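This report refers to the structure that appears directly beneath it.
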Amino acid sequence: MHVLLIEDDPLVASGIRSGLMTFDFVVDHVSTLNAARQSMRTVTSDVVILDRGLPDGDGLQLLAEWREQGVDVPVLVLTARDTVRDRVDGLQGGADDYLVKPFDLDELVARLHALLRRVAGRSSGMISHGALALDPAAREVYVEGQLISLSRRELVLLETFLQSPRSVLSADQLKDSLYGMNDDVESNALNVHIHHLRRKLGSGVIETVRGLGYRLGKPEAVHLAGTPYKGRLYKDQL
């Protein structure tokens, strides 16, 4: 799962980021409201952890903006402001949960999972593309009804394509989705994951758009491994 962490204290942010990564979260960290706005425009996050006392304003200001714009990403406010009035303001301002510092990492993780389950319960369920079906809540992928074994990053990559089925996604966008903006990534890591998805789901499941990036292939391109795809393939899809 992809987390956007908005926290200006570097020690707190480092502790949260390293802790969440041990639970297989991908974490992007920004320290200002402006950086958070930019991140939300370029990276799809599953959940946001939002501090209030930021250098360029109160985090609730940004939350109010997002809600007015129809951004419904789940937001957990994480702050040292612990009065009842503070909590009420946060929840009435659009926060889905409110956790006071200091906190226990296990509780933070449990609350994040609860938020994600709540969102999954509100969603329409399975995401389909031809013979492929993704269950976001169970984190499972099926082709022609058969469960397909994908690694965590392969699943995140596939979900990124399914969320933008008509868009061409650049390599940088895909790397941000997989690893977060703060991580250094080996130059061939993305190509390896794409190769694995093509091998497991069909060579045409991800198309290369030369000079621009990648996009989800046509629905009929999805097939079980070992079943031929009759569409046109480029050399780097083989």
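What follows draws every value from the coordinates through simple rules; no lab data is involved. Keep in mind that this is a model prediction, so the values were computed, not measured.
Derived scalar couplings between HN and Hα for segment 68-73 equal 5, 7, x, 6, 10, 4 Hz in order, rounded to whole Hz, by the Karplus curve 6.51 cos²θ - 1.76 cosθ + 1.60 (θ = phi - 60°), x for Gly and Pro. Put simply, the Cα atoms of the chain extend 63, 34, 33 Å along their principal axes, the longest span coming first.
Calculate for the chain the 222 nm mean residue ellipticity that helices alone would give, adding -39,500 (n - 2.57) per DSSP H run of length 4 or more and normalising by residue count, nearest 500 deg cm²/dmol.
Calculated from helices alone, the mean residue ellipticity at 222 nm is -12000 deg cm²/dmol.
Of all DSSP bridge pairs formed entirely within the chain, close to 50 percent run antiparallel. Relative contact order of segment 95-165, taken over Cα pairs closer than 8 Å and 6 or more residues apart, is 16 percent. Please work out, to two decimal places, the log10 of the ratio I(q)/I(0) at q = 0.13 Å⁻¹ from a Debye calculation in which every Cα of segment 2-122 carries one identical scatterer. Listed by q, the Debye log ratios stand at -0.44. Close amide H partners of E140, meaning residues 5 or more places away or on another chain with modelled amide H under 5 Å apart, are D135.
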